[in-house]
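What follows is a set of notes on a single structure, which appears directly below.
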There are 2 protein chains.
Amino acid sequence: MSLLIIGSIALDTVQNRFGKVKDALGGSAVYASLAASYFCKNVSIVGVVGTDFPKENIKLLKSKGIDTSGLEIADGKTFRWKGKYENLNEAITLKTSLNVFANFSPKIPDNFSLCEYLFLGNIDPELQISVLSQMKRPKIIAADTMNFWIEGKNKSLKKLLKMIDILFINEEEIRMLTGESYIFDAAEKVLQMGLKLIIIKQGEYGSIAIAKNNLFFAPIFPVQKVIDPTGAGDCFAGGFMGYIASQNNINYETLKRATIYGTITSSFNIEGFSVEIIKNINRVQIDNRYNILKKYTQFS
Amino acid sequence: MSLLIIGSIALDTVQNRFGKVKDALGGSAVYASLAASYFCKNVSIVGVVGTDFPKENIKLLKSKGIDTSGLEIADGKTFRWKGKYENLNEAITLKTSLNVFANFSPKIPDNFSLCEYLFLGNIDPELQISVLSQMKRPKIIAADTMNFWIEGKNKSLKKLLKMIDILFINEEEIRMLTGESYIFDAAEKVLQMGLKLIIIKQGEYGSIAIAKNNLFFAPIFPVQKVIDPTGAGDCFAGGFMGYIASQNNINYETLKRATIYGTITSSFNIEGFSVEIIKNINRVQIDNRYNILKKYTQFS
């Protein structure tokens with residue numbers, strides 16, 4: 001099955017107590033597609049970069065089997081994000097230079113419009129909707145969002161929520177979106193908008209996958225040392241979507257496994273800056289962690 | 001097997017947005033023994049109350065099969081705690097009146113000194129140590145503690161930690177105790193003091209049981225509505241200890257199950273003020289939630 005990922009492609013400058021990287025490969029579409037590539041052999045991305053975007057980054061994506069023909073190279077500079085972490089739970093944005101991303105209007109190539117699985121990374125909900133209008137109805141549509149859109153584009157976001165199946169959202173965001181402080185009440189309210197599944201990301205506490213009559217708690221994978229959480233949520237979503245795209249039936253058991261695979265790909269990513277770890281793992285390492293997490297959660 | 005519980009017995013005045021109770025039954029020994037009583041038929045408590053302590057409270061404990069012969073009735077007033085919650089994650093102490101608890105010096109009746117399982121509720125670590133000196137070596141010794149003792153009686157607490165098997169502690173406390181911010185590093189440091197198991201309580205995020213070569217993540221049980229978290233940690237410890245005391249072999253599978261049973265008893269308790277829920281549940285209800293939580297965490 002094919003998976004299409006739309007999102008940002010960025011050059012990140014990140015600094016924390018473990019070190020610093022400058023203009024390192026990042027962005028939601030990059031992290032998500034790399035994570036997905038370990039499960040699904042048919043991953044494509046749509047996004048925009050500037051003429052300054054290093055060729056080796058594209059080469060890297062291609063080397064993971066990711067179809068980059070939907071990558072638009074626009075005149076100007078690539079989107080840049082500069083941030084730091086004082087503790088590892090919260091990114092502090094120092095500078096955002098949208099550059100060519102400011103005028104990003106995703107154009108879905110014809111051959112991508114038939115993709116069965118679609119992940120709309122965290123971009124303006126109006127753009128997410130415009131992507132949907134270019135797709136023949138995919139089997140599963142998932143989206144990520146953030147505070148910025150919940151506040152600034154609330155109406156468009158609520159319209160989008162009626163059109164998708166799966167939402168990735170963090171605790172603070174779902175509280176803001178619904179006005180409910182108890183996350184199970186908040187999830188209930190979002191499910192009523194018509195979604196099939198909500199994945200509430202709880203950072204260092206794991207995640208909860210909530211469906212109408214089902215619930216699944218996933219812990220984190222306890223890594224030796226968290227180096228840089230940038231991209232953790234995107235790797236989670238990418239691993240999740242890559243796994244379900246690789247499966248033919250989407251029952252709740254598949255969704256549970258996908259949640260764990262999302263957890264695992266995310267756990268690798270936070271062990272290094274930028275994509276340095278997530279670009280270099282393999283399925284054996286992933287399945288090792290999967291089995292460890294099973295041991296850490298199963299009881300009789 | 002027999003379980004002895006030492007801790008506070010209190011009359012609590014608690015207020016939050018759902019209501020208020022005045023001089024309601026509380027205290028770590030009360031919550032823990034009630035929770036334990038659903039698993040273990042041989043639970044005893046040691047504690048002190050004043051002459052004002054309502055007889056019906058003692059009657060209640062006895063009605064659950066709890067041996068109250070170690071309950072000292074001292075001249076004066078019962079320990080009182082007055083608190084409020086603005087959000088349900090953090091208790092704000094308005095007033096603590098130690099009363100007879102100020103001079104509490106636990107005296108373990110001869111027939112209790114042979115108890116195989118011991119839970120030292122959250123009291124001065126010097127008193128916890130004095131209890132140990134009165135016991136013939138129990139099979140399993142568990143203790144709870146808090147910030148107040150980590151700061152004020154650090155040396156005694158560290159001495160205690162060398163003498164016990166299981167520690168119940170929350171995230172903030174284990175960070176304070178060890179100076180490590182990453183909880184897995186913090187747990188490692190505490191395990192090196194000689195403990196067999198550390199249960200890190202994470203409030204609304206569940207708990208983690210960490211042993212030398214083992215780890216178990218327990219989520220919360222998602223209740224309809226959290227009314228009052230007072231006593232949640234004590235019910236957790238009581239359910240945990242009651243379950244292991246009811247079993248004859250303490251392998252890691254037993255400890256996992258105990259962690260889930262602790263989670264479940266605690267989940268009932270927070271659905272009402274004081275002991276109003278925890279005093280009135282039964283094993284069928286507990287096992288129902290146990291099986292639901294299994295469904296919510298197991299994957300293949």
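The values are calculated or read from the model by the stated rules, or taken from the named source; none is laboratory data. Worth saying up front: this structure is predicted, and the values here are computed from it rather than measured. Reconstructed Cβ throughout: ideal geometry from the backbone, glycine too, with neighbour counts over all protein chains shown.
Points worth noting:
- Subset of segment A:271-300 [within 12 Å of chain B (Cβ to nearest Cβ) and in contact with a Gly (Cβ under 9 Å, 6 or more places away or on another chain)]: none
- Summed over segment B:181-207, the residues that are under 18 Å from the mean Cα position of the chain (by Cα) and either within 13 Å of chain A (Cβ to nearest Cβ) or small (Gly, Ala, Ser) (or both) give a count of 8.
- Among the residues making up segment A:152-186, those that are polar (S, T, N, Q) and not in a loop (DSSP other than H, G, I, E, B) are A:154, A:156, A:170, A:178.
- Failed condition for residue B:14, given (1) in a strand (DSSP E or B); (2) under 29 Å from residue B:246 (Cα atoms): (2)
- Within segment B:28-45, not a single residue is surrounded by fewer than 24 Cβ atoms within 10 Å (Cβ to Cβ), more than 20 Å from residue B:119 (Cβ to Cβ) and either touching a residue at least 40 places away in the same chain (Cβ under 8 Å) or of a type in the set (Ser, Thr, Tyr) (or both).
- Residue under evaluation residue B:210, criteria (1) within 23 Å of residue B:116 (Cα to Cα); (2) within 13 Å of chain A (Cβ to nearest Cβ); (3) within 17 Å of the chain's Cα centre (by Cα), criterion not met: (3)
- The residues of segment A:70-94 that are surrounded by 12 or more Cβ atoms within 10 Å (Cβ to Cβ) and not hydrophobic (A, V, I, L, M, F, W, C), listed by number, are A:70, A:72, A:76, A:77, A:78, A:80, A:82, A:83, A:84, A:85.
For every residue, the table says whether it meets (1) modelled with pLDDT of 95 or more; (2) of a type outside the set (Asp, Glu); (3) touching a Phe, Trp or Tyr at 6+ places or on another chain (Cβ under 8 Å).
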| site | (1), (2), (3) |
| --- | --- |
| B:159 | yes, yes, no |
| B:167 | yes, yes, no |
| B:178 | yes, yes, no |
| B:181 | no, yes, no |
| B:194 | no, yes, no |
| B:201 | yes, yes, yes |
| B:231 | yes, yes, yes |
| B:235 | yes, yes, yes |
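- Candidate set from segment A:79-91 (those that are part of a strand (DSSP E or B) and closer than 18 Å to residue A:57 by Cα); member that is nearest to the other protein chains (Cβ to nearest Cβ): A:81
Yes/no per residue for (1) more than 24 Å from residue B:177 (Cα to Cα); (2) polar (S, T, N, Q); (3) touching a Cys at 6+ places or on another chain (Cβ under 7 Å):
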| site | (1), (2), (3) |
| --- | --- |
| B:201 | no, no, no |
| B:217 | no, no, no |
| B:224 | yes, yes, no |
| B:229 | no, no, no |
| B:249 | yes, yes, no |
| B:252 | yes, no, no |
| B:255 | no, no, no |
| B:261 | yes, no, no |
| B:270 | yes, no, no |
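- Residue B:238 vs. criteria of a type outside the set (A, V, I, L, M), more than 14 Å from every other protein chain (Cβ to nearest Cβ), at positive phi and surrounded by 24 or more Cβ atoms within 10 Å (Cβ to Cβ): no
- Number of residues in segment A:252-268 that are touching a residue at least 40 places away in the same chain (Cβ under 8 Å), within 14 Å of chain B (Cβ to nearest Cβ) and buried (at least 18 other Cβ atoms within 10 Å of the Cβ): the value is 9.
- Residues of segment A:269-288 classified as assigned to a helix (DSSP H, G or I) and surrounded by 22 or more Cβ atoms within 10 Å (Cβ to Cβ), total: 2
Each row is one residue, and each column tells you yes or no for (1) at pLDDT below 95; (2) part of a strand (DSSP E or B).
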{"residue": "A:24", "(1), (2)": "no, yes"}
{"residue": "A:38", "(1), (2)": "no, no"}
{"residue": "A:56", "(1), (2)": "no, no"}
{"residue": "A:67", "(1), (2)": "no, yes"}
{"residue": "A:73", "(1), (2)": "no, yes"}
{"residue": "A:77", "(1), (2)": "no, no"}
{"residue": "A:93", "(1), (2)": "yes, yes"}
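- Complete set of residues in segment A:213-233 that are within 9 Å of chain B (Cβ to nearest Cβ) and not charged (D, E, K, R): A:214, A:215, A:216, A:217, A:218, A:219, A:220, A:222, A:223, A:224, A:226
- Residue A:147 falls short of the stated requirement of being under 17 Å from the mean Cα position of the chain (by Cα) and within 14 Å of chain B (Cβ to nearest Cβ).
Yes or no, residue by residue, for (1) over 21 Å from the mean Cα position of the chain (by Cα); (2) over 24 Å from residue B:154 (Cα atoms):
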residue	(1), (2)
B:65	no, yes
B:78	no, yes
B:86	yes, yes
B:90	no, no
B:106	no, no
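- If you go through segment B:187-214 and pick out every residue that is assigned to a helix (DSSP H, G or I) and free of Cβ contacts under 8 Å to residues at least 24 places away in the same chain, you end up with 5.
- Of the residues making up segment A:107-123, one or more are in a strand (DSSP E or B), of a type in the set (Ser, Thr, Tyr), modelled with pLDDT of 95 or more and surrounded by 17 or more Cβ atoms within 10 Å (Cβ to Cβ).
- Residue match in segment A:56-71 (condition: in contact (Cβ under 8 Å) with a residue 40 or more places away in the chain and farther than 27 Å from residue A:246 by Cα): no
- Here residue B:168 meets the list (1) surrounded by fewer than 19 Cβ atoms within 10 Å (Cβ to Cβ); (2) closer than 20 Å to residue B:117 by Cα; (3) not charged (D, E, K, R) almost entirely, failing just condition (1).
- Within segment B:95-117, the residues that satisfy the criterion of being hydrophobic (A, V, I, L, M, F, W, C) and free of Cβ contacts under 8 Å to residues at least 40 places away in the same chain are B:98, B:102.
- Number of the exception - residue B:217 against (1) assigned to a strand (DSSP E or B); (2) more than 30 Å from residue A:201 (Cα to Cα); (3) over 18 Å from the mean Cα position of the chain (by Cα); (4) not β-branched (Val, Ile, Thr): (2)
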